[in-house]
Structure formats: structure tokens, C-alpha cells
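The next block holds one structure in the form of C-alpha cells; read it before the comments.
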Amino acid sequence: MQILAVALIIGGAFFLTVSAIGLLRLPDFYSRTHAVGKSETMGTILILSGLAVYNGWELSTVKILFILAFVLIANPTATHAISRAALRSGLPPWTRKKTRNGEDNK
């Protein structure tokens, strides 16, 4: 069981690292929130699952599972609400513009 717990925690750390890289590298607000919303939720779920497996069946495991259920519901909902509020407030999505000679202008 410890091997499974470590594998889940390492997988969660990978997704959280991808989330941080996406936050730094992607060009606009909408793509950043998409990357962070998806990978951060998955990373948190994997880490909490790994902690629950490592802990065994105890009262603290039930608490971890309640936190996991809350994260599963709250993170995508909050990401959607923030993105929708940004769109309604007039924040335009990023688009790649072409120059006259056909090259990309970032």
C-alpha cells in the first residue's frame, strides 16, 4: 500500500508542477486558468488520494475524503466562475496576430 500511496503522491506532484509551468508559460488569462484549473485539480486529487491510502482506514482518512470531495466540486466551479466573470467584464481572449510578411508576431 505504501508503494501505491507514493505513486499517487508523485503523480500529484507532477500535475501540480505542470500547473505551475502552465501558469508561467501560457500567454493569456483564459489559457492559464484552463491549465491551472485542470491540472491543479488532478494533482490535488492524486495527492489527497495518496494520503488517504497511506493513512489506512481511520477517522483522518474520512476527513481527507471529505476534503477530496470538496476540492472535486469547488475547483472546477471556481475556475469556471472566474473565467466567466473575466469574459463578462470585457477581457478579450488572446489571438495570434500575423505581420505583413506572414510571420507570427507574439
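Can you name every residue in the range 55-78 that is of a type in the set (Phe, Trp, Tyr) and either open to solvent by less than 90 Å² (accessible area, probe 1.4 Å) or over 28 Å from ILE21 (Cα atoms) (or both)? Full working, then the answer.
Our first condition is that a residue be of a type in the set (Phe, Trp, Tyr); within the range 55-78, this holds for 57, 66, 70.
TRP57, PHE66 - these are the residues of the range 55-78 that are of a type in the set (Phe, Trp, Tyr) and either open to solvent by less than 90 Å² (accessible area, probe 1.4 Å) or over 28 Å from ILE21 (Cα atoms) (or both).
Please work out which residue is farthest from ILE82 (Cα to Cα), limiting yourself to the range 21-39 and to residues that are among the aliphatic types (A, V, I, L, M) and open to solvent by 50 Å² or more (accessible area, probe 1.4 Å). Of everything passing the filter in the range 21-39, ILE21 is farthest from ILE82 (Cα to Cα).
So is PRO93 surrounded by fewer than 13 Cβ atoms within 10 Å (Cβ to Cβ), in contact with a helix residue (DSSP H, G or I) (Cβ under 7 Å, 6 or more places away or on another chain) and modelled with pLDDT under 95 or not? Give the steps one after another, and end with the answer.
On the way: surrounded by fewer than 13 Cβ atoms within 10 Å (Cβ to Cβ): yes; in contact with a helix residue (DSSP H, G or I) (Cβ under 7 Å, 6 or more places away or on another chain): yes; modelled with pLDDT under 95: yes.
Considered against the rule, which asks whether it is surrounded by fewer than 13 Cβ atoms within 10 Å (Cβ to Cβ), in contact with a helix residue (DSSP H, G or I) (Cβ under 7 Å, 6 or more places away or on another chain) and modelled with pLDDT under 95, PRO93 comes out as yes.
If you take the residues of the range 1-15 that are open to solvent by 50 Å² or more (accessible area, probe 1.4 Å) and modelled with pLDDT of 95 or more, which of them is farthest from the chain's Cα centre (by Cα)?
Here is the first cut: in the range 1-15, the ones open to solvent by 50 Å² or more (accessible area, probe 1.4 Å) are 1-4, 6-7, 9-10, 14-15.
Restricting the remaining residues to those that are modelled with pLDDT of 95 or more gives 3-4, 6-7, 9-10, 14-15.
Details: ILE3: 24, LEU4: 22, VAL6: 20, ALA7: 19, ILE9: 15, ILE10: 15, PHE14: 11, PHE15: 7 Å.
Per the stated criteria, the residue is ILE3.
The values are calculated or read from the model by the stated rules, or taken from the named source; none is laboratory data. Please read all numbers here as calculations on a predicted model, not as lab measurements. Note that we place each Cβ from the backbone using ideal geometry, even for glycine, and neighbour counts take in every protein chain shown. Only protein heavy atoms, including side chains, enter the accessible area calculation; ligands, DNA and RNA are left aside. Shrake-Rupley method; radii C 1.70, N 1.55, O 1.52, S 1.80 Å.
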